[in-house]
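The structure appears below as structure tokens.
What follows draws every value from the coordinates through simple rules; no lab data is involved. If you're wondering where the values come from, they're calculated on a predicted model, not measured in any experiment. Because the Cβ atoms are built from the backbone with ideal geometry, glycine has one as well, and the counts that use them run over all protein chains shown.
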């Protein structure tokens, strides 16, 4: 389930921020983001696309 800071009932100490720019840079360098942010299979597919991807 995807939640936002408005819909999550947990305290701020449990919330993790994610940077789309950081994720795109990691994928461009062939680095797989942590699985709590992106499934391994999705990251691997994007990385395998190399220069054919638009991120």
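Counting the residues of the range 28-50 that are assigned to a helix (DSSP H, G or I) and out of contact with any helix residue (DSSP H, G or I) (no Cβ under 8 Å at 6 or more places or on another chain) gives 8.
Counting the residues of the range 5-27 that are under 10 Å from the mean Cα position of the chain (by Cα) and either in contact (Cβ under 8 Å) with a residue 24 or more places away in the chain or part of a helix (DSSP H, G or I) (or both) gives 7.
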